[in-house]
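Contents: one structure, followed by commentary.
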Protein chains: 2
Amino acid sequence: MNGEVLIALDAMGGDHAPRSVVDGAALALASHPELRFLFFGDEARVRPLLSAHSTLNAVSEIRHTSDEVPADEKPSVALRQRRESSMFLAIQAAKEGNAVAAVSSGNTGALMAMAKLSFRTLPGIMRPAIASIFPTLSHPCVLLDMGANAECDAKNLFQFALMGDAFARAAIGKESPSLGLLNIGSEEVKGNSAVKEAADMLRATTLPLNFHGFVEGYDIPAGTVDVVITDGFTGNVVIKTAEGMARLLAHDVKQALSRSFRAKLGYLLARPAIGTIRDKLDPRRYNGAMFLGLNGIAIKSHGSADAESFANAVRVAHHIAVTGVNERICSELQSLGETAGESDATSLANA
Amino acid sequence: MNGEVLIALDAMGGDHAPRSVVDGAALALASHPELRFLFFGDEARVRPLLSAHSTLNAVSEIRHTSDEVPADEKPSVALRQRRESSMFLAIQAAKEGNAVAAVSSGNTGALMAMAKLSFRTLPGIMRPAIASIFPTLSHPCVLLDMGANAECDAKNLFQFALMGDAFARAAIGKESPSLGLLNIGSEEVKGNSAVKEAADMLRATTLPLNFHGFVEGYDIPAGTVDVVITDGFTGNVVIKTAEGMARLLAHDVKQALSRSFRAKLGYLLARPAIGTIRDKLDPRRYNGAMFLGLNGIAIKSHGSADAESFANAVRVAHHIAVTGVNERICSELQSLGETAGESDATSLANA
């Protein structure tokens, strides 16, 4: 029984649930045999899928519930009316210690609202943030906030840096991840006041953070830093623009390479090589965003996740749980309070 | 002499000046024979370059000055100390009616500061914005603000919509361009207060604007709308992230296609097809950002512009001048003031 890592799964969340959830768990188990699962959802639908995977079946339990959160339900409504839903019960299992983390491909807003209510924020954290992993020229990079906070002040950004540091150590295995604060390079106005003040706080902190300084939009795909810190408005727009660009270029390449016999032949020959790029940039490989700053682990998988994609979200949950991201965030916040703590502690206390 | 379009050029601005400026003007003249040029800069360096182009030489004059604005000079310093610079004199020529527009590849901040001082803002406009053209899946799209205003309120965004509408009619030739307000799609928090309020103003306006509603990051490369409106912080980050993504993918494709003999052969065959994509997305084709909201036309060309790229910036200046963007903005602002004008006029008056 030792070394087992038990994850609670919302079996009903996402466009391809419950199949993607069950098949995804089977894939994750194949790479991480120490995984164990609690599936929350409609037993009549989950049981037959699970029976098809004997190894997975042997390490899983189903907790039946007939309720689920609709994809377009308002978070406030879901929070009031869905206390018996597969999503809420999965989070409760993580809260009560019956699982180390909960994973769902369901409604993002509802998941965040339920996770906040159940887990509560870590002591000292003002606002949770959504952290995501992004492929770059050289290595995966962590981006936060991806949309939990549309308006952020300098203290929020400072805390995002601290949380992003802890998350990057766990999720991409960097010992001292470099942190970049997203800014603009126009000579006319260099950034807004929140960004400028957050940079001052990061330069002055006594925490062992590897603060690189400001980065610009170019630096995200270039992989200049390991962690890019920004407000939830900019972060959300940036990640979606980047995904849109990847789709635009893939579409253009496909079109161009099917236009003539010569191009088609070239494509046939180059296909394996092009496939390696597609794999590298495959968003499924980077599925699994974490709600950072909560006293528990909730991983958001993309709503359109297939089995391979969901398996990655489960692997992220596993890494995060065993590497203790939240413990690290807490200890950094605590050491902020304990150290001479002039600037940091004062600023945070004034928050 | 009729139909001539006279443009003032900062011959010394940019990494490849003055050659890129002179050669670029020659390319623009080849496609637009009605162009005439005033070159501001070091005559000893510009004259020999100009002599190599007899047609261009015949329609150009050089106004000698030995001063220029360094690329990294602070805008406030340039504004005080560079009144004899090639950049300032080019703008002055446009201000005094000796040219219809000024084009420079020099220091963006200095150019904006000089253009603001010389041209002044259009009546009713609170803040100028930088508008840029962006390639998408289907058609070029206008983005603003690209970095002139790091912090924007709802009224600023509303005015950007109005200016973007006028610019899109001129620059990309759309009769009733669709306008999208950039927002985030997280169910948790849908946008910040400025964006929400600006959307209300755009829905309520009596102006003949084709307001599509909110768009997300995905929609920019997809070409969902003709004009994307956002604050200068987000806009600057977005355009740089998109450029970075294009570079990342181009680099990856190149690497992958040189890895094996088979891939190399495929690349050789597919090269013409891949070339058409490269052409379509070539940032040089979209060079030439406009400072909108000023009582004059200043076009910012990329600092690293080559001749082809600079030629496009000159063509943008030409289009903008002959289509009367500023006149349109003024008349829209005026009709805002004249119409029953409850919400719009009141909001703008309260600004």
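The values are calculated or read from the model by the stated rules, or taken from the named source; none is laboratory data. The shown structure was predicted, so the numbers you read here are calculated from the model rather than taken from an experiment. Quick reminder, even Gly has a Cβ in these numbers, built from the backbone with ideal geometry, and neighbours come from all protein chains shown.
Here B:Ile299 meets the list (1) facing chain A (nearest Cβ under 7 Å); (2) within 30 Å of B:Pro128 (Cβ to Cβ) almost entirely, failing just condition (1). Listed conditions (1) at pLDDT below 85; (2) farther than 26 Å from B:Asp252 by Cα are all met by A:Ser301, apart from (1). Annotation: of all residues in the range A:251-261 being facing another protein chain (nearest Cβ under 7 Å) and of a type outside the set (Gly, Ala, Ser), the one that is surrounded by the most Cβ atoms within 10 Å (Cβ to Cβ) is A:Leu257. Here the condition is being within 20 Å of the chain's Cα centre (by Cα) and of a type in the set (Asp, Glu); of B:Asp145, B:Asp153, it holds for B:Asp145 alone.
Within the range A:229-273, the set of residues being of a type in the set (Val, Ile, Thr) and within 22 Å of B:Pro135 (Cα to Cα) comprises A:Thr234, A:Val237, A:Val238, A:Ile239, A:Thr241, A:Val253. Across the range B:220-239, the qualifying residues are those that are under 14 Å from the mean Cα position of the chain (by Cα) and facing chain A (nearest Cβ under 9 Å), and the one among them that is farthest from A:Ser138 (Cα to Cα) is B:Gly232. Residues that are more than 7 Å from chain A (Cβ to nearest Cβ) and either in contact (Cβ under 8 Å) with a residue 12 or more places away in the chain or within 23 Å of A:Pro221 (Cβ to Cβ) (or both) do not occur anywhere in the range B:262-273. What do you reckon, is A:Pro75 within 30 Å of A:Val237 (Cβ to Cβ), at pLDDT below 95 and in contact with a Leu (Cβ under 7 Å, 6 or more places away or on another chain)? Spelling it out, it is not the case that A:Pro75 is within 30 Å of A:Val237 (Cβ to Cβ), at pLDDT below 95 and in contact with a Leu (Cβ under 7 Å, 6 or more places away or on another chain). Please state which of the following conditions A:Glu243 fails to meet, knowing it meets all the rest: (1) crowded, with 18+ Cβ neighbours inside 10 Å; (2) touching a residue at least 40 places away in the same chain (Cβ under 8 Å). Among (1) crowded, with 18+ Cβ neighbours inside 10 Å; (2) touching a residue at least 40 places away in the same chain (Cβ under 8 Å), A:Glu243 violates only (1). Does B:Arg19 satisfy being closer than 21 Å to B:Gly303 by Cα, surrounded by fewer than 24 Cβ atoms within 10 Å (Cβ to Cβ) and in contact (Cβ under 8 Å) with a residue 24 or more places away in the chain? Considered against the rule, which asks whether it is closer than 21 Å to B:Gly303 by Cα, surrounded by fewer than 24 Cβ atoms within 10 Å (Cβ to Cβ) and in contact (Cβ under 8 Å) with a residue 24 or more places away in the chain, B:Arg19 comes out as yes. Scanning the range A:204-219 for residues that are more than 10 Å from every other protein chain (Cβ to nearest Cβ) and over 21 Å from A:Glu175 (Cβ atoms) yields A:Ala204, A:Phe214. The residues listed here are B:Thr206, B:Thr230; of these, the one that is in contact (Cβ under 8 Å) with a residue 12 or more places away in the chain and touching a Ser or Thr at 6+ places or on another chain (Cβ under 6 Å) is B:Thr206.
Here is a check on your reading of the model: is B:Lys174 over 16 Å from the mean Cα position of the chain (by Cα), within 14 Å of chain A (Cβ to nearest Cβ), modelled with pLDDT under 95 and in a loop (DSSP other than H, G, I, E, B)? So B:Lys174 fails the test.
All conditions in (1) touching a Leu at 6+ places or on another chain (Cβ under 7 Å); (2) in contact (Cβ under 8 Å) with a residue 24 or more places away in the chain; (3) within 14 Å of another protein chain (Cβ to nearest Cβ); (4) more than 20 Å from A:Val103 (Cβ to Cβ) hold for A:Asn183, with the sole exception of (1).
Taking B:Arg169 as the residue in question, decide whether it is among the basic types (Lys, Arg) and within 14 Å of chain A (Cβ to nearest Cβ). So B:Arg169 fails the test.
Restricting attention to the range B:253-291, the residues that are outside any helix (DSSP H, G or I) and of a type outside the set (S, T, N, Q) add up to 7.
Of the set (1) assigned to a helix (DSSP H, G or I); (2) modelled with pLDDT under 90; (3) surrounded by fewer than 20 Cβ atoms within 10 Å (Cβ to Cβ), all apply to A:Gly185 but (1). Would you confirm whether or not the range A:240-250 contains a residue that is out of contact with any helix residue (DSSP H, G or I) (no Cβ under 8 Å at 6 or more places or on another chain) and either more than 7 Å from chain B (Cβ to nearest Cβ) or not charged (D, E, K, R) (or both)? Looking for residues that are out of contact with any helix residue (DSSP H, G or I) (no Cβ under 8 Å at 6 or more places or on another chain) and either more than 7 Å from chain B (Cβ to nearest Cβ) or not charged (D, E, K, R) (or both), one finds none in the range A:240-250, hence no. Among the conditions (1) assigned to a loop (DSSP other than H, G, I, E, B); (2) touching a residue at least 60 places away in the same chain (Cβ under 8 Å); (3) of a type in the set (Lys, Arg), B:Arg328 misses just one, which is (1). Exactly one residue among B:Asn326, B:Asn312 is under 12 Å from the mean Cα position of the chain (by Cα) and at pLDDT 80 or above, and that residue is B:Asn312. Restricting the search to the range A:190-240, which residues are hydrophobic (A, V, I, L, M, F, W, C) and assigned to a loop (DSSP other than H, G, I, E, B)? Those that are hydrophobic (A, V, I, L, M, F, W, C) and assigned to a loop (DSSP other than H, G, I, E, B): A:Leu207, A:Leu209, A:Val225.
Consider B:Ala30 carefully, then state whether it is within 19 Å of B:Val316 (Cβ to Cβ), small (Gly, Ala, Ser) and either touching a strand residue (DSSP E or B) at 6+ places or on another chain (Cβ under 8 Å) or assigned to a loop (DSSP other than H, G, I, E, B) (or both). Answer is no for this residue. On the basis of being more than 18 Å from A:Val5 (Cα to Cα) and touching a helix residue (DSSP H, G or I) at 6+ places or on another chain (Cβ under 6 Å), does A:Leu49 make the cut? Here the answer is yes, as A:Leu49 does meet what is asked. Among strands (runs of 3 or more DSSP E) entirely within the range A:40-156, having at least 3 residues that are surrounded by 15 or more Cβ atoms within 10 Å (Cβ to Cβ) and more than 14 Å from every other protein chain (Cβ to nearest Cβ) singles out A:60-64, A:101-104. Taken over the range A:189-198, the residue count meeting the criterion of being surrounded by fewer than 21 Cβ atoms within 10 Å (Cβ to Cβ) and over 24 Å from B:Pro128 (Cβ atoms) is 1.
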